[in-house]
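**Student:** Structure incoming, see below.
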Amino acid sequence: MSLDKSRDRARELDHDDPLGFTRAEFNIPTKTQIASTQLSEKSATPSGDAQDDDSIYLCGNSLGLQPKRTVTRIGQYLSTWQTQGVQGHFKPLDDSPLPTWLDADARAAQLMAPIVGADESEVAVMQTLTANLHFMMSAFYHPDINGRHKIILESKAFPSDHFAVETQLRHHGLSPETSMVTIKSPFSEDNVLTTYDIMSVISTHAETTALILLPGIQYYTGQLLDIPTITAFAHKHEIFVIWDLAHAVGNVPLSLHDWDVDAAAWCTYKYLNGGPGCIGGMFVHSRNSPVTKTITDEKAEEGYTNRLAGWWGNDKKTRFAMANKFHPVKGAAGFQLSNPSILDITSLSASLEVFELAGGIVPLRKKSLKLTGFLEELLNEMAVEDKELFRIITPSGPGERGAQLSIMLSGGLLEVVMKQLESRGVIVDERKPDVIRVAPAPLYNTFEDCVEFVEAFSAALAAGRNARS
């Protein structure tokens, strides 16, 4: 199909898209703004100039775009701070939609719970992704050098996950050489893992494994793992599993409670659009976070899972009593430490409001499957001379991936291609030495964005061929 016909088809799909309205909820950088080296709220290009068109932003897997309501909500937070000072912690304001600062984390958890398929009590909005992984490992990783002491993760895990596992092992006086097991595909050159690959490694090390840490979606390949099947298999061998959902949350439907997931953590600045470095999220299944004794019981500290604790994890009824006796609230909130950044939570909650407006993750996933499938179709229809210079390494099965397609370029093309795409107002993500990651996010990307990307990508490949000759 020619690009002109593809563009006509894309416009039809966009016209019929029941979620097309959510794009207007976001600030889409213009091509002029993308190219500018100046900080400016408005483009200096006169209205109507072609250069003032919206950029083609396909990088929500790295950093989501800013919801327009974020500015409004943060302004309301700043006004509360300005006019109320410390009273903002406890004093509701009749003309503000924001919760008190004391309850802001609970409101964010309430908005987050349906996105991850959990009860509100099983979700905490706190800290950052890697910090939360450390906190969970401190609570649930109990190595026995003569028994279960190993941690299993994938060989190409995000570096931060590797660092967390290695340092946890050293913290317990163990060596990564003997206590860390990495999963590598015996067949795929791109390390796309089958469920069998993963279960095979679990079986081999079952009797000596204490913990498994895996990604819901692998950041490099974009592969969606079979979370419920792998979790159930690990439980069959009495192994605790923590899932890193950085690339899965807000991208694919999750049912963490029903899948019996032990625990999970995620960031909120990718598909959740919370803003760079925004506060993270954590899930702890209700069976792993009971509080069975009251604060008045003797040895009340024996009535809950031990964890690294802080005062914000204390039950609200006793939090401000200033007693030096930790008694956590039931659920994931009992794993909190310091009072959270209200600036962060306000920014995140603004985006979660848009998810509510869209009807939740199910309709977004339905659109995402169409968007990513359309992009894949366009890439597969590119000219032969183009297709000789790249291949898609993300699994082709729609149920085995999220929004992201990872494209492996021929050696030496990455720098040229990225510069060419940027010069055309197209923003994607690179992973050296040879991969670009392209992610049409259903909240704000369109089918026509996919056509524009493929057109720019073809021109970028042509520039790469010329640079080689």
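**Student:** With the structure loaded, tell me whether Leu211 is aliphatic (A, V, I, L, M), outside any helix (DSSP H, G or I) and over 19 Å from Gly399 (Cα atoms) or whether it fails that test.
**Tutor:** Here the answer is yes, as Leu211 does meet what is asked.
**Student:** Looking only at region 86-117, which residues are surrounded by 15 or more Cβ atoms within 10 Å (Cβ to Cβ), part of a loop (DSSP other than H, G, I, E, B) and on the phi < 0 side of the Ramachandran plot?
**Tutor:** Within region 86-117, Leu93, Ser96, Leu98, Pro99, Thr100 meet the criteria.
**Student:** Here's a follow-up. Filtering region 435-469 down to residues that are over 17 Å from Leu3 (Cβ atoms), over 23 Å from the mean Cα position of the chain (by Cα) and among the charged types (D, E, K, R), which residue is most open to solvent (accessible area, probe 1.4 Å)?
**Tutor:** Arg468
**Student:** Please note which helices (runs of 4 or more DSSP H) are completely contained in region 324-421 and include at least 2 residues that are over 30 Å from Gln76 (Cβ atoms).
**Tutor:** 361-380, 384-387
**Student:** Those residues that are in contact (Cβ under 8 Å) with a residue 24 or more places away in the chain, part of a loop (DSSP other than H, G, I, E, B) and among the charged types (D, E, K, R), I need them from region 142-197; list them, please.
**Tutor:** Result: Asp144, Arg148, Lys156, Lys184, Asp190.
**Student:** Could you check Ala206 against (1) under 14 Å from Glu154 (Cα atoms); (2) assigned to a helix (DSSP H, G or I) and say which number it fails?
**Tutor:** Evaluating Ala206 over (1) under 14 Å from Glu154 (Cα atoms); (2) assigned to a helix (DSSP H, G or I) leaves (1) as the failure.
**Student:** Considering region 218-239 alone, what residues qualify as being within 10 Å of Trp259 (Cβ to Cβ) and among the aliphatic types (A, V, I, L, M)?
**Tutor:** Ile227, Ile230, Ala232 - these are the residues of region 218-239 that are within 10 Å of Trp259 (Cβ to Cβ) and among the aliphatic types (A, V, I, L, M).
**Student:** So, in region 186-217, of the ones that are under 24 Å from the mean Cα position of the chain (by Cα) and hydroxyl-bearing (Ser, Thr, Tyr), which residue ends up surrounded by the fewest Cβ atoms within 10 Å (Cβ to Cβ)?
**Tutor:** Thr195
Each row is one residue, and each column tells you yes or no for (1) free of Cβ contacts under 8 Å to residues at least 24 places away in the same chain; (2) within 15 Å of Cys450 (Cβ to Cβ); (3) open to solvent by less than 60 Å² (accessible area, probe 1.4 Å).
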| position | (1), (2), (3) |
| --- | --- |
| Lys330 | no, no, no |
| Gln336 | no, no, yes |
| Asp344 | no, no, yes |
| Ser347 | no, no, yes |
| Lys367 | no, yes, yes |
| Glu376 | no, yes, yes |
| Leu379 | no, yes, yes |
| Glu388 | yes, no, no |
| Met408 | no, no, yes |
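**Student:** Among the numbered criteria (1) touching a residue at least 24 places away in the same chain (Cβ under 8 Å); (2) more than 27 Å from Pro398 (Cα to Cα); (3) out of contact with any Leu (no Cβ under 8 Å at 6 or more places or on another chain); (4) charged (D, E, K, R), which one does Glu415 miss?
**Tutor:** Result: Glu415 fails condition (1) only.
**Student:** Follow-up. Collect the residues in region 124-136 that are closer than 15 Å to Leu153 by Cα and either among the β-branched types (Val, Ile, Thr) or buried (at least 23 other Cβ atoms within 10 Å of the Cβ) (or both), keeping them in residue-number order.
**Tutor:** Thr130, Leu133
**Student:** Another question about this same structure. Inspect region 35-42 for any residue being at pLDDT below 95 and not in a loop (DSSP other than H, G, I, E, B) and give the result as yes or no.
**Tutor:** Within region 35-42, one or more residues are at pLDDT below 95 and not in a loop (DSSP other than H, G, I, E, B).
The values are calculated or read from the model by the stated rules, or taken from the named source; none is laboratory data. Because the structure is a prediction, the values reported are computed rather than measured. All Cβ positions, even for glycine, are placed from backbone atoms using ideal geometry, and neighbour counts span all protein chains on display. With ligands, DNA and RNA removed, areas are computed over all heavy atoms of the protein, side chains included. Shrake-Rupley method; radii C 1.70, N 1.55, O 1.52, S 1.80 Å.
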